[in-house]
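Have a look at the structure below before the remarks.
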Amino acid sequence: MELHVAMGPLWFAPIVLAFLTAVAATMVLALASGRRLFGAAAPEHGPGLPAFMGGIAIIVAFVAAAAVTGMRTDARDLAFMMALMFAVGFWSSVAHTREGVELAVQVIAVGLLARLGDVEVRTLGDIVGTGPIRMGPLALPATVVAMVAIAHSLTMMDDLEGFRATFAFTALAWVNAAIAAGGPEPLSHAALFLEAALAGYLLSTVLLRGRSPSRVFLGGAGGLMIGFALAWLLIGVTQGPGRGIPPIAALFFVLLPLADGASVALRQIERGENPLERTDMRIHHYLFSRGFTSAQALVILVAASALLGAVGYFGWRLGVPQPALFWLAVFGFLVYHAWIKEAWRRLRGVYFVI
């Protein structure tokens, strides 16, 4: 397996810059939240607003790294998309907008950005064995659906112990591995910068975790931003001329949160509930109910997500037919959906309409 590393020695510096900037910015947010870093008791009112704006640290770190390399078009588009989606998420959190209004704003914003940035789902690949499935005029709607689904599946994860950032970091690791294996890719530097920024953010949150008065979280705005950034990169590296990563392989990089999100939505629809509303029926909630701590649940789920990513990556690299990967994903989801429904029924006595 030949690897194509899309960076020379000079690219190491901006990656380190992204990492260190994320560390520094996260620490600054912790201080600005109204809690001291070392040993002081928490104020009675709890952490201030900056504690829930960890996405700012990631944006600043990404832009800093991209700026020193000349702010290439791909990085500029991604930075603009991240900033816009953070603003949308922040506005929704502060204004407490209805789910339908928030979703409509996201759809419009993502549709415009995808068209302007030329990042669209134009093909699904050869997932049924009859040749590549072209989306044609459905490319833009398919892009919006895919990006919203990936972003919301990540956002619906709790921010405890860094669930959202760790899932995104794991998926991005597979994206970067696929880029390195597939050849030079315009989005390779942007993906590396975002991975480094997430690494710095995660390291900072680990350091702050031992000093409980100071914590920084992605919050709803940061989770939405990271989810859309991950979706943007996944679509960008699988679509267009010369892109060697098949979409079905990339799907495995985010399959766990997507499958869990789809399962939850189906169960909510079965019970006559709004599938857009938050619920405590996600897979990590099930693990909590079974007595696992949030840290234990994080390890279990991230390991499972990494394993699924490995299936997609090595399946592609070893030449497993795309239809085989597609049906593996479909049947895997059906098995998971059936299992989690029965698991919740046994645990809580909750019965679902079949």
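The values are calculated or read from the model by the stated rules, or taken from the named source; none is laboratory data. Remember, predicted model here, so these are calculated numbers, not experimental data. Cβ sites come from the backbone with ideal geometry, for glycine too, and all protein chains shown count toward neighbours.
Here is a yes/no grid of residues against (1) under 15 Å from residue 224 (Cβ atoms); (2) in a helix (DSSP H, G or I); (3) at pLDDT 85 or above:
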{"position": "107", "(1), (2), (3)": "yes, yes, yes"}
{"position": "116", "(1), (2), (3)": "no, yes, no"}
{"position": "120", "(1), (2), (3)": "no, no, yes"}
{"position": "130", "(1), (2), (3)": "no, no, yes"}
{"position": "138", "(1), (2), (3)": "no, yes, yes"}
{"position": "142", "(1), (2), (3)": "no, yes, yes"}
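Residues that are buried (at least 21 other Cβ atoms within 10 Å of the Cβ) and either touching a Cys at 6+ places or on another chain (Cβ under 7 Å) or within 19 Å of residue 169 (Cβ to Cβ) (or both) occur in the range 260-268; there is at least one.
In the range 333-354, the qualifying residues are those that are touching a helix residue (DSSP H, G or I) at 6+ places or on another chain (Cβ under 7 Å) and modelled with pLDDT of 80 or more, and the one that is surrounded by the fewest Cβ atoms within 10 Å (Cβ to Cβ) is 347.
Taken over the range 302-314, the residue count meeting the criterion of being over 11 Å from residue 170 (Cα atoms) and in contact (Cβ under 8 Å) with a residue 40 or more places away in the chain is 3.
Do the conditions hold for residue 216, that is, is it at pLDDT below 85, outside any helix (DSSP H, G or I) and of a type in the set (Val, Ile, Thr)?
In short, yes.
For the range 269-306, give me each residue that is modelled with pLDDT of 90 or more and surrounded by fewer than 13 Cβ atoms within 10 Å (Cβ to Cβ). If the condition is that a residue be modelled with pLDDT of 90 or more and surrounded by fewer than 13 Cβ atoms within 10 Å (Cβ to Cβ), then 303 is the only one that fits.
Being under 22 Å from the mean Cα position of the chain (by Cα), within 21 Å of residue 13 (Cβ to Cβ) and at pLDDT below 85 narrows it down to one residue among 57, 75, 51; which is it? Result of the check over 57, 75, 51: 75.
Rundown of residues vs (1) touching a strand residue (DSSP E or B) at 6+ places or on another chain (Cβ under 8 Å); (2) among the hydroxyl-bearing types (Ser, Thr, Tyr), yes/no style:
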residue: 247; (1), (2): yes, no
residue: 250; (1), (2): no, no
residue: 262; (1), (2): no, no
residue: 268; (1), (2): no, no
residue: 293; (1), (2): no, yes
residue: 300; (1), (2): no, no
residue: 309; (1), (2): no, no
residue: 320; (1), (2): no, no
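Would the range 292-314 turn up any residue that is in contact with an Asp or Glu (Cβ under 7 Å, 6 or more places away or on another chain) and not small (Gly, Ala, Ser)?
yes
When restricted to residues that are touching an Asp or Glu at 6+ places or on another chain (Cβ under 9 Å) and closer than 23 Å to residue 191 by Cβ, the range 141-167 contains 6.
Here's the yes/no breakdown for (1) closer than 17 Å to residue 227 by Cα; (2) touching a residue at least 40 places away in the same chain (Cβ under 8 Å); (3) basic (Lys, Arg):
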| position | (1), (2), (3) |
| --- | --- |
| 72 | no, yes, yes |
| 85 | yes, yes, no |
| 102 | yes, no, no |
| 133 | no, no, no |
| 150 | yes, yes, no |
| 165 | yes, yes, no |
| 171 | yes, yes, no |
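The set of residues from the range 108-129 being more than 15 Å from residue 248 (Cα to Cα) and either out of contact with any Ser or Thr (no Cβ under 6 Å at 6 or more places or on another chain) or exposed (fewer than 14 other Cβ atoms within 10 Å of the Cβ) (or both) comprises 108, 109, 110, 111, 112, 113, 115, 116, 117, 118, 119.
Looking only at residues in the range 130-165 that are among the polar types (S, T, N, Q) and buried (at least 19 other Cβ atoms within 10 Å of the Cβ), the one that is farthest from the chain's Cα centre (by Cα) is 143.
Within the range 168-185, not a single residue is over 19 Å from residue 310 (Cβ atoms) and assigned to a helix (DSSP H, G or I).
In the list 181, 168, 173, which residue meets the criterion of being surrounded by fewer than 24 Cβ atoms within 10 Å (Cβ to Cβ) and modelled with pLDDT of 90 or more?
Exactly one of 181, 168, 173 is surrounded by fewer than 24 Cβ atoms within 10 Å (Cβ to Cβ) and modelled with pLDDT of 90 or more, namely 173.
Quick check, is residue 64 more than 19 Å from residue 106 (Cβ to Cβ), of a type in the set (Gly, Ala, Ser) and modelled with pLDDT of 80 or more? In short, yes.
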